[in-house]
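In what follows, a single structure is set out as structure tokens and then discussed.
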Amino acid sequence: MLLNRLLLLAGLAATLAAPACTEKPKEVARLPIMGERDVVPRADGGPADTVFATVPRFRLIDQAGQPLTNQSFAGRAYVADFFFATCPGICPKMQGELLKVYHQFEKDPRVVFLSHTIDPAHDSIPVLKDYAQRLGIADASRWHFATTGAHGEPTARDTVFQLARAYFTAAQPDKEAPGGFAHNGTFALVDDQGHIRGLYDSLNPTEVARLQKELPVLLAEIDSRKGGAAKQ
Amino acid sequence: MSIQFRFLLGISLSITLTGCFSNNRHQGEKLYAQKCASCHGEQGQGLGRLIPPIAGSDYLTDHRAELPCLLRNGQNEVIVVNGVGYHNVMPGNKSLSPAQVTNLLNYIESHWGNEAAPRTISDVQAQLDKCH
């Protein structure tokens, strides 16, 4: 009798435990793609293609005098933000937070960092170079501090403001704001194909921690794409 | 009765006393978080060679008498802290009252390894009167 009961209990336990064993493995987490998407009909009448937003074309010069375009970042992830060297407001906090993320991925060539100055009239290449060195960034190819106005382009400021909007960062001149510019401290995570895959408020420690957690998720996705491409 | 009365008196006294002090007790810490921490860091650590540290800063002891004016007016000259030159601009805080400057400095000067003697409002007031 007692044995029967024990067997019954064991059976029950087994049926309870079984579903957990046969449950499908969880799908690999995937980061969303930010921005508007287009649906483009296909010429051959097949199912329409969805075209995801990408970062618009840009041309920058970094603190080492190197030109940077979208192509410079192709095949890699990058984290972008907007700052200016004389900013007494949120920039030191923002760049200090990005520095933490940078240190975590300093040796990982799959990700680079890109800070755009929103004050190209002041932040010349020597100013950007000094800023980078003072922040402790010796290798310009790991963290670019870049300008749209290396050659005194009169439209440099408009160009960078437009670029900021594309990265979901609000930036504009503001006489009331400390340093003369109002902007928010958004970090944008961009994938190997130019899609923005995450936006993080640099002033919120939880958000910065989320970036640190989500960056490896994106890197794994990029790795799998590269692995898949190699097999084909 | 008399014991009970004393007891009550004691309680009400301690309540009023904490009431007196609690308002401004953490004013220095709050002001630091609002006005200083985003540049100088939550622990006064500064940022690379861009923003000088406040923690363990020789500038605090070497320029003690000038600090009230520095907080009020800011500064835009090269400043040497612990042997490192910094050239970023520090904005001023014209709206800080002498009491606020005192509380802020007393907080800064008693944290993160800093150990200066506490300031009084009248000392700070006298130093502020001499600001340019």
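All of the numbers you see were taken from the coordinates with simple rules; none came from a lab. Source: prediction; values computed, not measured. Backbone-built Cβ (ideal geometry, glycine too); neighbour counts: all protein chains shown.
If every alpha-carbon in chain A counts as one equal scatterer, what log10 I(q)/I(0) does Debye give at q = 0.13, 0.17 1/Å? Taken in order of the listed q values, log10 I(q)/I(0) reads -0.80, -1.25.
May I ask for the Rg/Rh ratio of segment A:49-137, computed from Cα atoms with Rh as the Kirkwood radius, given to two decimals?
Numbers: Rg = 14.0 Å, Rh = 14.3 Å.
When Rh is taken as the Kirkwood radius, the ratio is 0.98.
Computed over segment A:56-231, relative contact order equals 27 percent, with contacts defined as Cα pairs under 8 Å that lie 6+ residues apart.
May I ask which of A:K100/B:K30; B:K94/B:K130; A:K213/B:K35; A:K129/A:K175; A:K100/A:K175; A:K175/B:K94 have a Cα-Cα span longer than 19 Å here?
Numbers: A:K100/B:K30 25 Å; B:K94/B:K130 14 Å; A:K213/B:K35 30 Å; A:K129/A:K175 27 Å; A:K100/A:K175 31 Å; A:K175/B:K94 17 Å.
Among A:K100/B:K30; B:K94/B:K130; A:K213/B:K35; A:K129/A:K175; A:K100/A:K175; A:K175/B:K94, the Cα-Cα distance tops 19 Å for A:K100/B:K30; A:K213/B:K35; A:K129/A:K175; A:K100/A:K175.
Extending 7 Å from the Cα toward the beta-carbon at both A:H122 and A:R59 defines two label points whose distance is 2.7 nm.
Helix-only mean residue ellipticity at 222 nm, chain A, DSSP H runs n ≥ 4 weighted -39,500 (n - 2.57), per residue, nearest 500. What is it?
Taken over chain A, the calculation gives -12500 deg cm²/dmol.
Figure legend: label point modelled 7 angstrom from the Cα of A:A166 along Cα→Cβ; residues of segment A:172-205 with amide N under 16 Å from it are A:188-197. The convex hull built on the alpha-carbon positions of segment B:26-129 has an orientation-averaged projected area of 5.8 nm².
Of the trypsin sites (Lys or Arg not before Pro) in segment A:111-200, the ones in a loop by DSSP (not H, G, I, E or B) with at most 10 other beta carbons within 10 Å are A:K175. Seen against the Cα atoms of chain A and their longest principal axis, helix A:125-135 is set at about 50 degrees.
In terms of the Cα gyration tensor, with a ≥ b ≥ c the square roots of its eigenvalues, is segment A:143-232 rounded because a/c is under 1.5, prolate because a/b exceeds b/c, or oblate? Oblate, because a/c is 1.5 or more while a/b does not exceed b/c. Counting other Cβ atoms within 10 Å as a rough exposure proxy, the listed residues B:H132, A:H195, A:H103 run B:H132, A:H103, A:H195 from fewest neighbours to most.
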